[in-house]
Amino acid sequence: MFNTAYIFHYDIAAIVIFIVILIFHFQRRNLPLMQNRTYLSFVIVALLNSIADLITVLLEGNTSIPVWSYWGLHMLCYVLTNTIPVLYLLYSLSLANYFDFISKKRKLFFDFVVGIPYLCALGLICFSPLTYYCFNKVFAFYVDSQNNYFRGTWAYATLFIFTIYYILISLLILWKYRKTIKVKKYFLLLSYVILLIAAIIIQLIVKRCRMQSFGLSLAAIMFSSLIQTPDEYIDRTTQLFNEAALIKMSQNDFASKKKFLVLNIFLDDIVFITNAFGINQMNSLLREVSDFLRAQFPQARHYYIPQGKFCVVFKSYNPRDIEKYVFYLRARFHENWVYDTLELKLYSRICVIECPKDAKNSEDIRDLIDLISDDTRYKRQIIYARDMSTEYKKRTAYIAHLLRNAIAEKRFDVYYQPIYSTKEDRLIGAEALIRMKDEEGNFISPEEFIPVSERTGDILRIGQFVFDNVCKTLSSVDLDAYGIKKIDINLSVAQCMQEILADQILTIRTIHNVPASVINLEITETAAAHTPEILLRNMNNLAKEGIELSLDDYGSGYSNMNYLLNLPFKMVKLDKEIVWTAFKDARANIALASTIQMIKKLGMSVLAEGVETKAQSEWLTKLGCDYLQGFLFARGLPKDEFLTIMKIDCDRFKDQGVEEELEEI
């Protein structure tokens, strides 16, 4: 006979909800993070608790089952019930990145504040049958010979206090790490406590109603749908883990103090393939590569970083494995890749990073990948990070040292590379370029100091310095006399992430009284991808004030049409690589011509970078480019030289106009 004295429908609903959550959880690709493992444990324990609670309620007073089994069911319920708040505390800590680095102090905190009270609670539960039968004393609970369940007094109250204790510790943790946890996740974690308290109150008021498990299931739904979002760690094209996942997981790998191996595969001809055959074909080839990597190295984790960079991470390895892995990769990339009717050879480079020997943290891994990807010194088939890490770190440290006081010591200067208008047949402005010198007065390439400044945070000061310097120059000259119609200024990713970007720019422009129409801000696709919401707000505010906005380096990555359609760009700058490739290759030429026509039909102008010859200039003019920039017209020039060139060209243009008027007369 089943006990029908209780309303157990909420237990059944909770069980169904937990099972559905588990099904969805296992269908997702979840990173092996402490957060995900704790959440999974939380759901499983809550499910088992709901099942055990339902069974004990249904079987209460049923003498057809052995008394010892009913004791066991209640002990299981108590253990699971007291485990849930502990798992909630662990989940809160994992969201605060508490376990990324376990110091002795943190381990001590965990052992004494979390572990010991939990063991005490388990002791009270496990000793309940022993004390009842041996000493006729009641601890947390007891079951009589008729399988009727009764609560104890002080021991039961102690278990309840333990639950409150863990909830309070969790709230303190959330408060302490409130700046580390995202606001949405922070309030969702707090909602767990509210739901649990509400469920307990209802259960106390309506004693026949089992609501605690149902409250837990509602919290689990919110966590699953709004906190447990693995899509933020998945690359949509390849379905591999993305760069954010690589950083997150490598932090955990370093924290484990164990060695691991990172193999990087760089596809060097990705820009050419994208522009020659289209983004869809390129994406299909990327999926082919990702499928090969998963099949060849099933024991590893696989990542994709935009612009043709794959990472394969092995949790354990020996030196002989490295040679074997490299051999497999070289053999496959030596062959052609076939998709549908397309057959191509992908030119690749392989980089071997042994951690923690070659890299001490996740930032080192990312820096090495960026360096090898961009630096022409490492354009060889196989690169071992051990051969370059010492040199690289010394150089990086030196540049970081220079950046600290670069503005005060006047190491920075703004150079200007002229921009040519194909319609007006004259120079109409320039792109502002930052330049830095070392202690001996030698120039350091922006490709070296810009990435370092982004890591140190100096990029924000550099960006503000460039904009302020340009505005000072523009306010000090007669723009019409020099024929200056526009000056292009780059915005870094870090600048675009700032909520106050638009206010800063408009304030500086107002101080120097520079016409908004002269300023053209260049934004890269990377910046657009990092902060779409913040960037859109800033762009709209700047566009309203008359400042022109350009999409920079179009074609250097995966040119997303959404950027052109949804962001208020007025001009698109074609990356020099796409220009050079299209000038040499007929099929890439067709792709570039179509791209230019598409951009112009969308109402935007086109600027081509990297123009070095007269033939390139004439060819791009015929394709419909509105502006050209490159060494054909001039390299980056100091302010005075730039102004001199602009004055000469402006006077030439004016004299030419006078001659044409005289000829007409």
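The values are calculated or read from the model by the stated rules, or taken from the named source; none is laboratory data. In this text the structure is predicted, and so the values were computed from the model without any measurement. Using ideal geometry, Cβ is built from the backbone for each residue, glycine included, and neighbour counts are taken over all protein chains shown. The accessibility values were calculated without ligands, DNA or RNA, using every heavy atom of the protein model including side chains. Shrake-Rupley method; radii C 1.70, N 1.55, O 1.52, S 1.80 Å.
A few remarks follow.
- When the solvent-accessible area of segment 422-461 is split by element, carbon and sulfur atoms take up 46 percent of it, the probe being 1.4 Å.
- The long axis of helix 389-404 is offset from the longest Cα principal axis of the chain by roughly 70 degrees.
- The chain: angle of helix 532-544 to the longest principal axis, Cα-based, in degrees nearest 10: 40 degrees
- Normalised by residue number, the volume inside the convex hull of the Cα atoms of the chain is 214 Å³ per residue.
- Over segment 74-121, the alpha carbon radius of gyration divided by the compact-protein estimate 2.2 N^0.38 Å works out to 1.27.
- Within a straight-line Cα-Cα reach of under 26 Å, K104 can be paired with the following lysines, leaving aside sequence neighbours fewer than 8 residues apart in one chain: K176, K179, K248, K257, K258, K259, K315, K357, K360.
- Alpha carbon centroid spacing (whole Å) that separates segment 602-639 from segment 436-504: 22 Å
- Cα gyration tensor category, rounded, prolate or oblate, for segment 312-460 with a/c compared to 1.5: oblate
- Segment 186-331 - percent of accessible surface contributed by carbon and sulfur, probe 1.4 Å: 59 percent
- The smallest convex shape that holds all Cα atoms of segment 382-520, its convex hull, gives 161 Å³ per residue.
- Accessible surface, per residue, of the chain when the full set of protein chains is kept, probe 1.4 Å, Å²: 49 Å²
- Helix 639-664 axis, angle to the chain major axis (alpha carbon atoms, nearest 10°): 50 degrees
- 10 Å Cβ shell holding at most 12 others, DSSP loop, GluC sites (Glu not before Pro): longest site-free stretch of the chain: 1-334
- Exposure ranking of I382, I273 by accessible area [1.4 Å probe, largest first]: I382, I273
- Backbone HN-Hα couplings from phi across segment 437-452 [Karplus 6.51/-1.76/1.60, Hz, Gly and Pro as x]: 10, 8, 5, 9, x, 8, 6, 10, 4, x, 5, 8, 8, 5, x, 5
- Overall form of segment 542-657 per C-alpha gyration tensor (a/c, 1.5; a/b vs b/c): oblate
- Solvent-accessible surface (1.4 angstrom probe) belonging to Y347, in square angstrom, nearest 10: 140 Å²
- Modelled FRET efficiency - R0 51 Å, R635 with N252, Cβ distances, 0.05 increments: 0.65
- Its residues counted as N, segment 1-132 yields a C-alpha radius of gyration over 2.2 N^0.38 Å of 1.26.
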